[in-house]
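**Q** The structure follows.
The values are calculated or read from the model by the stated rules, or taken from the named source; none is laboratory data. Every value quoted in this text rests on a predicted model; they were computed, and no experiment measured them. Don't worry about glycine lacking a Cβ; one is built from the backbone with ideal geometry, like all the others, and counts go over all protein chains shown.
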Amino acid sequence: MKNISTRARVLFLGAIAVAVTLCVAFVADPAPHGPKFGTELAFLVLSEILATLSLGIVMEKDDTVLPLGAAFVPVSVGYVLFVLLMAPVGAFAELSTSGYLCIHLVGLAVAVALAVFIDMGERHVRVQDVQDRAMLVPKKTFVAEARVAMEEARSRFPERKDLLSLAEKRVEDLRFAASSRPGSEDVDDELAAAVTELSRSASEGDEKGFESALREVDRRHRVRQIKIKSL
């Protein structure tokens, strides 16, 4: 409901801007106008519509692309200013109607090109964000499972301070482990399997098995770090 309300307010403001422009053009000065006036008015209304749409689009952006998406606003505002500056050019410069129209079309093409570049940048940021999130999933999974195993070990082997201290250090090492990368799937799976064994031995109260699994987790972690550095 909030998004609909925001979008409605933006569209309402845009409609007011267009209405005011048309009133000023035809009501305040009802005298006949030439083709340059019609060209200027058409592009001015178009620029106001584009600015309204840009503002509405930016207000719906999420935090991932908002800094980049916000560039739509200065681009649209810059285009509105360009169209407004073309009004005195059309009034005082000795330009043909076709020449005047060509300048407007060039300005519109530049604004559209900038908007396309911004949109391409947004798409790249989104793809990169999805990839980064996907690369964090394996790490988050085995780190979370290792923490659960650690808590289980504390309740199962409270007298083994040395073993718990070592386990806590290994869990901390996993927390600061490198994030997954394309090509690290095999070492991710091996480390995840070792952590699963660690969790199983802790839940079953298998002290020797937990100690053995802890050594395996440490070994797999080291192998994984070396592999990821080489990618």
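**Q** Return the only residue of Leu114, Leu105 being at pLDDT 90 or above, more than 30 Å from Gly183 (Cα to Cα) and not aromatic (Phe, Trp, Tyr). So that I can check it myself, show each step before the final result.
**A** Values: Leu114 fails: at pLDDT 90 or above.
When all the criteria are applied, what remains is Leu105.
**Q** Taking only the stretch 126-151 into account, find how many residues are in contact with a helix residue (DSSP H, G or I) (Cβ under 6 Å, 6 or more places away or on another chain) and at pLDDT below 80.
**A** 1
**Q** Restricting the stretch 170-196 to residues that are assigned to a helix (DSSP H, G or I) and basic (Lys, Arg), which is surrounded by the most Cβ atoms within 10 Å (Cβ to Cβ)? Working first, answer last.
**A** Kept after step one, since they are assigned to a helix (DSSP H, G or I), are these residues of the stretch 170-196: 170-175, 185-196.
Narrowing the set further to residues that are basic (Lys, Arg) leaves 170, 175.
Numbers: Arg170: 20, Arg175: 11.
Going through the qualifying residues, I end up with Arg170.
Let's see how each residue does on (1) over 17 Å from Val143 (Cα atoms); (2) free of Cβ contacts under 8 Å to residues at least 60 places away in the same chain; (3) not acidic (Asp, Glu):
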{"position": "Ser184", "(1), (2), (3)": "no, yes, yes"}
{"position": "Val187", "(1), (2), (3)": "no, yes, yes"}
{"position": "Glu190", "(1), (2), (3)": "no, yes, no"}
{"position": "Ala202", "(1), (2), (3)": "no, yes, yes"}
{"position": "Gly205", "(1), (2), (3)": "yes, yes, yes"}
{"position": "Arg215", "(1), (2), (3)": "no, yes, yes"}
{"position": "Asp218", "(1), (2), (3)": "no, yes, no"}
{"position": "His221", "(1), (2), (3)": "no, yes, yes"}
{"position": "Arg224", "(1), (2), (3)": "no, yes, yes"}
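**Q** Can you pull out every residue in the stretch 198-210 that is surrounded by fewer than 18 Cβ atoms within 10 Å (Cβ to Cβ) and part of a helix (DSSP H, G or I)? Full working, then the answer.
**A** Filtering the stretch 198-210 for residues surrounded by fewer than 18 Cβ atoms within 10 Å (Cβ to Cβ) gives 200, 203-209.
Arg200, Ser203, Glu207, Lys208, Gly209 - these are the residues of the stretch 198-210 that are surrounded by fewer than 18 Cβ atoms within 10 Å (Cβ to Cβ) and part of a helix (DSSP H, G or I).
**Q** Just to be sure, is Phe157 closer than 16 Å to Ser199 by Cα, modelled with pLDDT of 85 or more and out of contact with any strand residue (DSSP E or B) (no Cβ under 7 Å at 6 or more places or on another chain)? Full working, then the answer.
**A** Details: closer than 16 Å to Ser199 by Cα: yes; modelled with pLDDT of 85 or more: yes; out of contact with any strand residue (DSSP E or B) (no Cβ under 7 Å at 6 or more places or on another chain): yes.
So Phe157 fits the description; yes.
**Q** With farther than 19 Å from Lys229 by Cα, under 39 Å from the mean Cα position of the chain (by Cα) and touching a residue at least 60 places away in the same chain (Cβ under 8 Å) as the only criterion, which of Ala194, Ala146 stands out?
**A** Working: Ala194 fails: touching a residue at least 60 places away in the same chain (Cβ under 8 Å).
Being farther than 19 Å from Lys229 by Cα, under 39 Å from the mean Cα position of the chain (by Cα) and touching a residue at least 60 places away in the same chain (Cβ under 8 Å) holds for just one of Ala194, Ala146, which is Ala146.
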